[in-house]
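The values are calculated or read from the model by the stated rules, or taken from the named source; none is laboratory data. Please read these numbers as outputs of a predicted model, since none were measured by experiment. Note that we place each Cβ from the backbone using ideal geometry, even for glycine, and neighbour counts take in every protein chain shown. Heavy atoms of the whole protein, side chains included, go into the accessibility calculation; ligands, DNA and RNA do not. Shrake-Rupley method; radii C 1.70, N 1.55, O 1.52, S 1.80 Å.
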Amino acid sequence: MDLIAVFSPLAAFLIAGLFGKQIGDRGAQIVTCAGIIAAAGASMALFSSVILHNHPYTNILAPWVVSGGFEVSWALRIDQLSVVMMCVINIVSACVHVYSVGYMSHDDHKARFMAYLSLFTFAMLMLVSADNLLQLFFGWEGVGLASYLLIGFWNRKHSANAAAMKAFIVNRVGDFGLVLGLMAMFAVFGSVGFDDVFAQAPEKAQAVFMFLGYEIHAITLICLLLFMGAVGKSAQLGLHTWLPDAMEGPTPVSALIHAATMVTAGVFLVARFSPLFEYAPDARMVVTVLGACTAFVAATIGLTQFDIKRVIAYSTMSQLGYMFFALGVSAYGAAMFHLMTHAFFKALLFLGAGSVIHAMSDEQDMRKMGGIWKKIPLTYVLMWVGSLALAGIPPFAGYYSKDIVLEAAFADHTWFGAFAFWAGIAAAFMTAFYSWRLLFMTFHGKPRASEDTMHHVHESPAVMIGPLAVLAVGAIFAGMIFYEPFVAGDETAHGELSRETVHEGVAMEPEVEAPVFEGKSAHNAWNRTGFWEQSLKVLPENDSLAAAHHVPEWVKFAPLGVGIIGIALAWLFYIALPGLPGKIAGAFRPIHTLFFRKWFFDELYERMFVRPALWLGDLFSWGDRRIVDRFGPDGAAGTSARVAAWLSRLQSGYVYHYAFVMMIAVVTIISWFVLRSGI
C-alpha cells in the first residue's frame, strides 16, 4: 500500500511527461488524476493500519549508498508523522489535479502542466517518507526543482521567469544550511539514519563541535542549520521574499505549493527532528522568535495588498509562523494539527480565488472587483467557509488548531513563549480583518469592473467546484474530528512503539534497544505523545502541549475575541464607511507605506545582494573579456592568425621567391651549426 501511496504520482508523471503527445491532453489528465486519487486512497488505508491500529514500519526498498562503512538504504519510513503528511499531500493534490482540468482548459500545454503537478507531489512524498536525511534531501531538492518548473510554467511571461528564478535562488540559501546540517550530523553521530541519530541523541546531549573556530553545542548547531533549510522552504522572515512573487504561477500551483505541501516541508523537517530539538533549547528559542515575527510581519503586509492571491499568500506565510512558534515551544502535535487544518482551508481559499479570477476574466486586483456574489454564489459561500476557518471562528477547523497553538505558547512560561503568544494574538486580529477585507472588496459593494467583464462573470464548472466542496468539508470538520487525538488525547494511553523493519514484504527483527541516558532508556525519557507515538518526542519538562489545556479562560477566548473584532472592523471600513480606509491610510502614511512596500525587504536585498552581485558580475565579465580572453584564447588565436597571414604572403607561386626562401633557410641552418660548434 505504501508503494501505491508514494509511487503512483511518479508513474503518472512518467506517462504524462513522456507520452503526453501520444495519449493527448485528455489522456494525460485522466492518468495524472487517477494516479493521485489512487495515492490518496492508499494514504487513507495507511492511516487506518498505521495510526488506528498502531502499526508503524520501515519498508527497505534497496541499498542506495555503500561506501566503506557508510551505508544508506532507500527506504520508506511509514509512521504516524509521515502518514499524516501523506494524507494531507495526496488529498489536497488530488483536489488540485481535478480542479486543474477545468482551470487550465484553455491552456495549450495541459499535459506538461499535469505532469509537473504529479512530479511535485512525488517529490514531496519522497521527502516525508524518507528514513534518513540524505533521502530527505533528495525529496527536498526535487520539490525545489518542481516548484521552479510550476512557478515559471507560463514561461513567455518575464515576471513568471523572474519569480521562478527568485524562488530557486532564495531556496538555495536555505538549502546550503540544510547541507551543512547533514554534514554536521554525520560528523557528530556517524550516521544520517533517523533511528541511529535519534537513539544517540540523549548521550550526545552535551557534545560540542568546532565550527568556524568556536566550540559550539553540537546538537544546537545541527538544529540551527536544519532550521536554516526550513526557513527557506517555509518562507520564514528573511528568506520569505520568494513566496508572494510565486503567485505568478497558475492558481492551482499556488494552492498546491503554498497551502499544503512545499511550504510545510520546513514544519515537517523540524517536527521530524524533535528528538534533537528537545536537547537544543537555544535553537527552539530561535525557532519561536522567528516564527512569531513571521506571523506578525506577514499579517501586517496582508492588510494592504490588493492582489487577491498575494493577500492569501501572506496569510500562508503568517500561518506558517504560527506553526513554527508552536514547534519552538515543543508543541509539535499542535504544529502538525495546524498544518493539517491549514492545508484544507488555505487550499480552499486559493482555489476559490482561482474561481474568482476565472469568473473575472483573469482579473486579480480586488480594486477592480465587487458586487459579484450573486453571480457566483457557490464560490462565494465556499470562500466564506475558508475565511471562517482561517479567522478561527467556531466550529471551523482553524478555531481548534490556532487556539491550541496560542495556548501552548502561553503555557510555555518563557519570555519567548509569551512573545509568540502576543504576536500571535495581534496576527489573529489582522488575519480576521484582511480576510473579510478580501471578501467585502471582492464580492460586495458596487461593481468596479468594466461592463464587458461583469457581463461575462459566471460560476465555475463542476470540475472546479467539486474539489472546493471536498476541501470545504475538511475546513469545517477536520478541527473537531482530529482535535482530541492530535493534541488532547491521553498521553499515557498507548504502549511503547513497536517498530518493525520490512524488506520485500517480510517482517524483520525489531530495532535494537535505545542506549541508556542518565539512568533510563532514551525511549522512557520521553513523554508519551498519544496519537503520534514515537514519531514525535517531547521531554517531560518541555511538554507545553499538556500544560496548554490548563491555561486561564481568557487565554482560550482571546483569539476568538480579537477575530470577531477584526471582522467587525472590516465591515465598518469596507461596507459601512468605504471612504474610511483611504483616510486612515493618508493619516498614517509612513506606516501604510511600510506595510504596502512589504517592509522594504525587496529593496533592501536589491541593494545588499543583487546590485553588488551584478557589479561583481560586470567586473569579472570585463576582466574575462579584456584580460583573460585577450591574452589567453583570443590572444593566442589572434597571434596565430596574424602569423598565418604573414606566412601566406610567401606562397606567391613564383620560383625565385621559393629559391630565395630556400637560400635564407640554408644560410640560417649553416650559421646555427657554425655558432654551435664554436668555429
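Given in Å, the Rg to one decimal and the Dmax to the nearest whole number for the Cα atoms of the stretch 1-110 are 16.8, 55. Computed with a 1.4 Å probe over protein heavy atoms only, the accessible surface of the stretch 443-488 comes to 51 Å² per residue. With semi-axes defined as the square roots of five times the eigenvalues of the C-alpha gyration tensor, the equivalent ellipsoid of the chain measures 51, 36, 27 Å, largest first.
With an a/c value of 1.5 or above and a/b larger than b/c for the gyration tensor axes a ≥ b ≥ c computed over the alpha-carbon atoms, the stretch 163-246 is described as prolate.
For the chain, DSSP calls about 85 percent of its internal beta bridges antiparallel. Distances between placed amide hydrogens fall under 5 Å for LEU76 paired with ASN59, ILE60, LEU61, all partners being 5 or more residues away or on another chain.
What whole-number value in cubic angstrom gives the convex hull volume per residue for the C-alpha atoms of the stretch 93-212?
113
If you build the convex hull over the alpha carbons only and average its shadow over all orientations, what do you get for the stretch 253-365? Give it in nm² to one decimal. In nm², the orientation-averaged hull projection of the stretch 253-365 is 6.5.
Applying both filters, DSSP loop and at most 15 other Cβ atoms within 10 Å, to the GluC sites (Glu not before Pro) of the stretch 202-268 gives GLU203. Shape of the stretch 279-322 from its Cα gyration tensor (a ≥ b ≥ c, root eigenvalues): rounded if a/c is under 1.5, otherwise prolate when a/b > b/c, or oblate? Prolate, because a/c is 1.5 or more and a/b exceeds b/c. Going by a ≥ b ≥ c, the root eigenvalues of the Cα gyration tensor, does the stretch 291-350 fall in the rounded group (a/c under 1.5), the prolate group (a/b larger than b/c) or the oblate group? The shape class here is oblate. For the stretch 602-679, run through the trypsin sites (Lys or Arg not before Pro) and keep only the ones in DSSP coil with at most 11 other Cβ atoms within 10 Å of their Cβ. Taking the stretch 602-679 and a limit of 11 other Cβ atoms within 10 Å, the loop trypsin sites (Lys or Arg not before Pro) found are ARG649. Extension gain, MET165 to LEU52: 0.36 nm times the residue separation minus the Cα-Cα distance gives 36.4 nm. Once the Cα atoms of helix 633-648 and of the chain are each reduced to a long axis, what angle between those two axes, in degrees from 0 to 90 to the nearest 10, is obtained? Helix 633-648 and the main axis of the chain meet at about 30 degrees. Straight-line reach from LYS598: taking Cα to Cα under 28 Å and skipping same-chain neighbours fewer than 8 places apart, the lysines in range are LYS157, LYS166, LYS233, LYS309, LYS346, LYS368, LYS402, LYS583.
Measuring between their Cα centroids, the stretch 35-110 and the stretch 403-438 lie 32 Å from each other.
Heavy atoms only, probe 1.4 Å: what % of the accessible area of the stretch 323-442 goes to carbon and sulfur, would you let me know? Roughly 68 percent, rounded to a whole number. Net charge of the neighbourhood of MET104, taken over other residues with C-beta under 13 Å away and scored Lys/Arg +1, Asp/Glu -1, is -1. Each residue, LEU18 and TYR656, gets one label point 7 Å from its Cα in the Cβ direction; the gap between the two is 7.6 nm. Applying both filters, DSSP loop and at most 12 other Cβ atoms within 10 Å, to the trypsin sites (Lys or Arg not before Pro) of the stretch 360-412 gives LYS374. Just the protein heavy atoms count here, and of the accessible area of the stretch 11-102 at 1.4 Å, carbon and sulfur take up 67 percent. With R₀ fixed at 51 Å, the C-beta to C-beta distance from ALA45 to VAL173 puts the FRET efficiency at about 0.85. For the stretch 301-312, backbone phi angles converted through the Karplus equation (6.51, -1.76, 1.60; θ = phi - 60°) give residue-by-residue couplings of 5, x, 5, 10, 7, 10, 6, 4, 6, 5, 4, 5 Hz, Gly and Pro being listed as x.
Give me the percent of the accessible area of the stretch 525-590 that comes from carbon and sulfur atoms, probe 1.4 Å, all protein chains in place. That fraction is 71 percent.
Between the helical axis of 415-443 and the longest alpha-carbon principal axis of the chain there is an angle of about 90 degrees. Spatially, the stretch 247-278 and the stretch 302-368 are offset by 12 Å when compared through their Cα centroids. Placing a label point 7 Å from the Cα of ARG625 along the Cα-to-Cβ direction, the residues of the stretch 632-666 with a backbone N closer than 19 Å are 632-638.
Solvent-accessible surface of the stretch 588-679, averaged per residue with a 1.4 angstrom probe and all protein chains in place: 87 square angstrom. Subtracting the Cα-Cα distance of GLU606 and ALA469 from their residue separation scaled by 0.36 nm leaves 45.1 nm. Viscosity 0.890 mPa s, temperature 25 °C: what is the translational diffusion coefficient of the stretch 379-452 from Stokes-Einstein with a Kirkwood Rh over Cα pairs, rounded to a whole number of µm²/s? Once the numbers are plugged in, D ends up at 176 µm²/s.
Calculate, for ILE565 and ALA34, the FRET efficiency according to 1/(1 + (r/R0)^6) with r their C-beta to C-beta distance and R0 30 Å; round to the nearest 0.05. Computed FRET efficiency for ILE565 and ALA34 comes out at 0.05. In the stretch 328-478, taking the dipole from charged Cβ atoms about the Cα centre, the farthest positive-side position among ILE425, ALA353, MET336 is held by ALA353.
Rounded to the nearest 0.05, what FRET efficiency do GLU459 and LEU539 give with R0 = 45 Å and r taken as the Cβ-Cβ distance? Could you check?
Step by step, r from the Cβ atoms, then E = 0.30.
Surface analysis of the stretch 118-239 yields an accessible area of 35 Å² per residue, using protein heavy atoms and a 1.4 Å probe. Available extension along the chain between ALA205 and ARG156 is 12.4 nm, counting 0.36 nm per residue and deducting the alpha carbon span.
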